[in-house]
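Asks: Dropping the structure in here first, questions after.
The values are calculated or read from the model by the stated rules, or taken from the named source; none is laboratory data. Because the structure is a prediction, the values reported are computed rather than measured. Ideal geometry is used to build each Cβ from the backbone, glycine not excepted, and the neighbour counts take in all protein chains shown.
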Amino acid sequence: MASVKLTNVKKVYDNNVVAVHDFNLDIKDKEFVVFVGPSGCGKSTTLRMVAGLEEISGGTVEIDGEVVNDLQPKDRNIAMVFQNYALYPHMSVYDNIAFSLRLQKVPEDVIYNKVTNAAEILGITEYLMRKPRALSGGQRQRVAIGRAMVRDSKVFLMDEPLSNLDAKLRNQMRAEIILLRQKLDTTFIYVTHDQTEAMTLGDRIVIMKDGYIMQVGTPTEVFEMPENLFVAEFIGAPKMNVLRTNLMKAGDKYYVTPFGAKLVVDGEKGDLLKKKQVAGGEVLLGVRPEHIVLADPKDEGAIPVTLEVNEMMGSELHLHVYTEDGTRLIVRIPTIDLTPEQREGMVTGAKLYVTFEGKVMHFFNPETEKNLLF
Amino acid sequence: MKHYSDLEYLQLSKGKRFGYRVASFFTGIPKALWNFVKKIGNILKNAGLAVANEAKDIVSTFVQGDWKTKVSYLVMGFGCLARGQILRGLLFLLFEAVFIGYMIITGGYYLSMLPSLGKVGPHTEYNAILDVDVPVHGDNSFKILLYGVLTIFFIIAFVYTWRVNVKQNKIAEQILKSGKKLKSGKDDLRSLVDDQFHKTLLALPSIGILIFTVMPIVFMILVAFTNYSSINDGYETNLFHWVGFKNFETIFSWDVGGVNYAATFGEILTWTLLWAFFATFTNYFLGILVAMMINKKGIHLKKVWRTILIMTIAIPQFISLLYVSKMFTLNGLFNGLLLDLGITKQAVDFWGNTDNSGLLARIMVIIINIWIGIPYLMLIATGILMNIPADLYESAKIDGASGWKQFSKITLPYMLFITGPYLLTSFTGNMNNFNVIYLLTGGGPTNAVRSGASGSVGFTDLLITWLFKITTSGSSDKGSEYYLASVIGILVFLVVSIISLIVYGLLPSVKNEEDFQ
Amino acid sequence: MKKKLPLGAIISLILGIIFVLGGCFLLANRFMPEPLWSYNSAYLTDNFLFILFGALAAFIGILLLVYAFSSFKRNNVDNEKMKQHMGMKATSRISNTVIYVLLILISIVWLVPFICIVIQSFRIQPTGMTRYLFENPEAGLKEGLAIKFGFDNYVRLFTQTQFPKWYLNTFIIAIIVAVVQTIIVLCMSYTLSRFRFKLRKPMMQFMLILGMFPGMLSMIILYQVLKDLGLALDNAVPGLILVYVASSGMGYYVSKGFFDTIPKALDEAARIDGATRAQVLYKIILPLSKPIVIYTVLSAFMGPWGDFVFARYISNGRIGAYNVAVGLQSWLATTTMAMENYTMFCAGGVIVAIPIVILFMCLQRYYVEGVTGGAVKG
């Protein structure tokens, strides 16, 4: 239970590759922070610097107010769960969990209590005498978590703990991590490349790219107000549609003109544009697939598109369409909104009309790719 | 040479493709060499820069340092002691004391004698008591060279330690300035089993390698530039001296006192390369073949066949080699068998010089080497064959590949890819395969044409056995010419390293590491 | 479902019995004072072929029996599967037959020298090198095939020669080298596999270059130095130990390759769990490296038994300081010596080989793992 503070943290490898630039972050006590980003963005490196597994090239890492740069991992009082679990293959589950306590010379009866307690919580009591290789992926994952749990450490680090599990198990373990977090009530730093995990688990999300922090914020913040194009595209599935178009100011209102249609920007976004006194001009317009809706051909803002692929996901349809100038868009429509006739009409080559919801559009500067509303 | 793009290359006929690849292989060699030279140049440049930086740092540390640091420039470890790092300080101080003591007592003498390798040789001196001339020993060239080299090593170590000592002061000052505490001796000891554990682990092996491998090699390289031999042994008989490149000239000249060393060396080198080639590749392909036969589906008793072959690995080579060599002598078992079966009327002289070229003996050592080597290769090949993903064969079968095609398009490329570096090391290993040659033939049959050369050269002699013969027996009038052995040793090194360098750069597993992963 | 005996097992059982009995008969026939079965041929003398083939046949017979019994044991072959295999093409059956013939030939070629050396080690007269395994066939026939074999060579080996001393020398060297070299190699390879320090790459490259110098070159100087230290000539045993052990750090390659396959995450997990680097080594890495530790011990132990060059140079003619390789080679150094000591050399060879072969066969699995891994790692 401790705060973690990273100030100007930097990682430069021997071959002068900079993995992390100037990383600044204040993690509060008992906060659950998720580092997310594509592979090679420096998220694991940052975590490993907190753990003491990588040397810190510049800046300071503080745990609970104490600078830990020169401390060995064992002296930092942290626990960590690895991507491949890193269970000691030659030890039983019990010995695996007890390993750190034995190194601390904790009395055996205390160890027994702690280990069985952790095993109870994780539901692995019956496997205590097995070797890791006799366990399934999910069970191994639990052992790895158990090993970290018994340490009563200040910070709990997790490095892509779910990426080796299959989809179903991953969902289940994700829910269990949420429960575990409530039980442990400690500071968590969690690394993942999966935006769904980040959104569901984190109090705050740190989105990284090429060693830079792109945005730090709560899941709602990063989803509704992405600071830049990268964050906008990274968060949310399917990916946000981005098109180059013009933002015009006419009187009191802002318009965008994709594919010849004229769409008004209203609601909160329109107000913000007004408040910021954005001049208009060429912008990158971002529209999430769920914010594109079917339109009446007669509507002013209707855009004619041709259906290319129709992915039936169950509760919703993912329509891959292209406009008259060949731009591809993804449209996400809840199945429940469609009549059976409409659904049958959704075959390859079908002509449809769509329009964008004005109040949830995102605007980015075409050069800097920054959100115009920031 | 015209360089084809990928698509152009694909349009070439099969023969042209092959020609193109061969051509680009050879045209690639100068470039590889040039890259190597450039790399060395870069290394030198970086080393120069590093030295300059160090010098700058030493000066600036002195200028900016406090008085404790300044005293440490003379009295090593003083800064550490003054700042409370007693253990480090004492170690530095002790090292300095030992160094100065050594230099005064012995090091200085050896260092000063190194350029001449001794001035006073063994001679006779008049002994007034006995009233006769008695032999007296003078300087000892061998020891001068040996301890001279050691002293230079020691000086380098001292300079390095001194530099570390200076750096320590700088770091300590910085730490104290930032308000942190210095590490105590206890912390130092603890870090030796933790974050500095590698230093603990490497200390002993490195010292061993330094003294028993590096030092002898440096010494022997230097010997190549002297006239050290059993006649000029530097103490008992004569001093030895620096002779510059004379020994290299000897080895490369056509006529040295009636001996054609250049031709001798050329012949032995040619045979060494031939031998290494045949020994490596016969073993390699036959080993794969045997492994494939044993591993073929439907062959029973796999374990038995394997065990029979592996058993022969366990028997120390000197026993099997000596015994087999005797089996093939004039009155050996094999000749007995041939006579018994009536295949020959007369015993065959396998190790003899029947046609004045030693051809039979050369073929015999290659054959017997197959007998020695196949079990190893069988083991290695079995391990790799089992690792070839089965789906490669399955997809090849579906594509309609026959057994032979499967072998030539999947098994062999895979094997070659995986074992490329092994092939290289086994080639160079065979070039230096002393045991097989020496225990089988002792280098014989003797090459009469080259009898004048040191070490009684034979037809199956490799450079390495020649080197051994020169050091152990040498020639009658010149004794064991150690300097010649050193020259040959250096040349062996050059040949091995050039081959390694060229081949290593061209190996597919080095170039395209991921191909078969 | 009724289990049927596999055909192959029955055939090999029958063949095995025939081979063993036939081989024993041939051998027994040779050593009987009165031959049970007499033969007369101009060329096919008894000595070589009958004894050899008798021994070989018996050996192959035993192998066949072992196979037959082992297949009786796991006789749960699915008959349905067998039937499917019956449809195997005739070509594959032919090629399998060819392979069997080749494998048998290979086995013979590889085994003959070792069988011969064992047989010759028991020969009493003559003790020199001959074209025959036992004695001259002409003389043998005339003397009514008197038994000319016994343990004389072995007795002489242990009572009249320095052989026990050599054996002890080699054994001491091998034991100490096995222990110390293993420790050094493991230290070296663990460090190079797990630590990233500035000198790591230069060190490895430097050792690679050092390895390209012929090791024999350092012989001259090492001899002189050891002589000065009093560790050569009569005192060559400690000197040899020193030489073998000192440069053993260079042989880190195979075990480093093995350590590289142990995931680094294990080290990291242990370090976070509170282990020092030293604890990581002996609590995590070593327990997981049993095969490579055994391989290293085994190859370190076997090395000194075969070393010839250094042992000979450093002992430099002092018979008491020889190891077995130098000692036994010295018996065959000249033709006249070979005439006296040949059979004793064979006996010595057998004595040297037996313990190593037994040890080797027990630990074969680990050795194979090491050799294969080492080659693949390059």
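Asks: In the range B:314-338, which residues are aliphatic (A, V, I, L, M) and more than 7 Å from chain C (Cβ to nearest Cβ)?
Replies: B:L321, B:L330, B:L338
Asks: Quick test for you: out of B:F277, B:F334, pick the one residue that is modelled with pLDDT of 85 or more and of a type in the set (F, W, Y).
Replies: That would be B:F277, the only listed residue that is modelled with pLDDT of 85 or more and of a type in the set (F, W, Y).
Asks: Buried (at least 17 other Cβ atoms within 10 Å of the Cβ) and in the same structural domain as B:T465 (by TED's automatic domain parsing): which single residue out of B:L416, B:L392, B:L412, B:L360 fits that description?
Replies: Only one candidate passes the filter, namely B:L360.
Asks: Go through the range B:304-342 residue by residue and tally those that are touching a residue at least 24 places away in the same chain (Cβ under 8 Å) and in a helix (DSSP H, G or I).
Replies: 12
Asks: Here's something else I'd like to know. Regarding the range C:183-203, can at least one residue be identified that is more than 7 Å from every other protein chain (Cβ to nearest Cβ), closer than 30 Å to B:T465 by Cα and of a type in the set (S, T, N, Q)?
Replies: Checked against the condition, which is being more than 7 Å from every other protein chain (Cβ to nearest Cβ), closer than 30 Å to B:T465 by Cα and of a type in the set (S, T, N, Q), the range C:183-203 yields no hits at all.
Asks: Moving on. Select from the range C:331-359 the residues that are more than 17 Å from C:I117 (Cβ to Cβ) and part of a helix (DSSP H, G or I) and write down the one among them that is nearest to the chain's Cα centre (by Cα).
Replies: By that ranking, first place goes to C:L359.
Asks: Which one is surrounded by the most Cβ atoms within 10 Å (Cβ to Cβ), of the residues in the range C:331-352 that are in contact with a helix residue (DSSP H, G or I) (Cβ under 6 Å, 6 or more places away or on another chain), within 9 Å of another protein chain (Cβ to nearest Cβ) and aliphatic (A, V, I, L, M)?
Replies: C:V352
Asks: Sort out which residues of the range A:69-82 are assigned to a loop (DSSP other than H, G, I, E, B) and within 21 Å of C:K264 (Cβ to Cβ), and write them in order of number.
Replies: Listed by number, the residues that qualify are A:L71, A:Q72, A:R76, A:F82.
Asks: Go through (1) modelled with pLDDT of 90 or more; (2) over 21 Å from the mean Cα position of the chain (by Cα) for A:D14 and report which single condition fails.
Replies: (1)
Asks: Regarding B:G479, is this residue within 20 Å of C:A311 (Cα to Cα) and among the small types (G, A, S)?
Replies: Here the answer is no, as B:G479 does not meet what is asked.
Asks: Looking for something part of a loop (DSSP other than H, G, I, E, B), assigned by TED's automatic domain parsing to the domain that holds B:K181, free of Cβ contacts under 8 Å to residues at least 24 places away in the same chain and of a type outside the set (G, A, S) - is there at least one such residue anywhere in the range B:74-88?
Replies: Yes, there is a match, as at least one residue in the range B:74-88 is part of a loop (DSSP other than H, G, I, E, B), assigned by TED's automatic domain parsing to the domain that holds B:K181, free of Cβ contacts under 8 Å to residues at least 24 places away in the same chain and of a type outside the set (G, A, S).
Asks: Quick one: in the range B:231-260, which of the residues that are of a type in the set (F, W, Y) and within 24 Å of the chain's Cα centre (by Cα) is surrounded by the fewest Cβ atoms within 10 Å (Cβ to Cβ)?
Replies: B:F245
Asks: Restrict the check to the range A:333-349 and report whether at least one residue is touching a residue at least 12 places away in the same chain (Cβ under 8 Å) and surrounded by 19 or more Cβ atoms within 10 Å (Cβ to Cβ).
Replies: Yes, that holds for at least one residue.
Asks: How many of the residues in the range C:206-217 are within 7 Å of chain B (Cβ to nearest Cβ) and at pLDDT below 85?
Replies: Number satisfying all stated conditions: 2.
Asks: Right, next: Give just the number: which of (1) within 25 Å of A:L180 (Cα to Cα); (2) crowded, with 20+ Cβ neighbours inside 10 Å; (3) more than 14 Å from chain C (Cβ to nearest Cβ) does A:S100 not satisfy?
Replies: Looking at each condition in turn, A:S100 falls short on (3).
Asks: Within the range B:271-291, does at least one residue satisfy the condition of being free of Cβ contacts under 8 Å to residues at least 40 places away in the same chain, assigned to a helix (DSSP H, G or I) and within 11 Å of chain C (Cβ to nearest Cβ)?
Replies: yes
Asks: Considering only the range B:138-188, state which residues are within 26 Å of B:L90 (Cβ to Cβ), of a type in the set (G, A, S) and surrounded by 15 or more Cβ atoms within 10 Å (Cβ to Cβ).
Replies: B:A172, B:G185
Asks: Test B:K56 against the stated conditions and say whether it is surrounded by fewer than 13 Cβ atoms within 10 Å (Cβ to Cβ), at pLDDT 85 or above and among the charged types (D, E, K, R).
Replies: For B:K56, the condition - surrounded by fewer than 13 Cβ atoms within 10 Å (Cβ to Cβ), at pLDDT 85 or above and among the charged types (D, E, K, R) - is met.
Asks: State whether the residues of the range A:131-148 include one that is touching a residue at least 60 places away in the same chain (Cβ under 8 Å), within 13 Å of another protein chain (Cβ to nearest Cβ) and out of contact with any Leu (no Cβ under 9 Å at 6 or more places or on another chain).
Replies: No - not one qualifying residue is present in the range A:131-148.
Asks: Tell me, please, whether a residue that is surrounded by fewer than 19 Cβ atoms within 10 Å (Cβ to Cβ), at pLDDT below 90 and away from every other protein chain (no Cβ under 11 Å) can be found in the range C:275-292.
Replies: yes
Asks: Before we move on, is B:I268 surrounded by 17 or more Cβ atoms within 10 Å (Cβ to Cβ) and away from chain C (no Cβ under 13 Å)?
Replies: yes
Asks: Moving to a separate point now. Select from the range C:316-330 the residues that are surrounded by fewer than 19 Cβ atoms within 10 Å (Cβ to Cβ) and either in a helix (DSSP H, G or I) or of a type in the set (F, W, Y) (or both) and list them in ascending order.
Replies: Within the range C:316-330, C:I319, C:G320, C:S330 qualify.
Asks: Would it be correct to say that B:L467 is assigned to a helix (DSSP H, G or I), within 9 Å of chain C (Cβ to nearest Cβ), surrounded by fewer than 22 Cβ atoms within 10 Å (Cβ to Cβ) and among the hydrophobic types (A, V, I, L, M, F, W, C)?
Replies: no
Asks: Further, regarding this structure: Taking B:E236 and the conditions (1) more than 19 Å from C:M216 (Cβ to Cβ); (2) modelled with pLDDT of 85 or more, which numbered condition does it fall short on, given that it satisfies the others?
Replies: Here B:E236 meets the rest and fails (2).
Asks: Looking only at the range B:418-464, count every residue that is within 12 Å of another protein chain (Cβ to nearest Cβ), outside any helix (DSSP H, G or I), without any contact (Cβ under 8 Å) to a residue 24 or more places away in the chain and polar (S, T, N, Q) and tell me the total.
Replies: 0
Asks: Moving on. Taking B:A47, is it outside the structural domain of B:K143 (by TED's automatic domain parsing), touching a helix residue (DSSP H, G or I) at 6+ places or on another chain (Cβ under 6 Å) and in a helix (DSSP H, G or I)?
Replies: no
Asks: Please state which one of B:I217, B:I221 is touching a helix residue (DSSP H, G or I) at 6+ places or on another chain (Cβ under 9 Å), at the interface with chain C (Cβ under 7 Å from one of its Cβ atoms) and modelled with pLDDT of 85 or more.
Replies: B:I217
Asks: Further question: Give the residues of the range B:379-423 that are of a type in the set (A, V, I, L, M) and in contact with a Leu (Cβ under 7 Å, 6 or more places away or on another chain), sorted by residue number.
Replies: Hit for the range B:379-423 is B:I410, nothing else.
Asks: For the range A:43-59, enumerate the residues that are modelled with pLDDT under 90 and either closer than 20 Å to A:T218 by Cα or in a strand (DSSP E or B) (or both).
Replies: Hits for the range A:43-59 are A:G58, A:G59.
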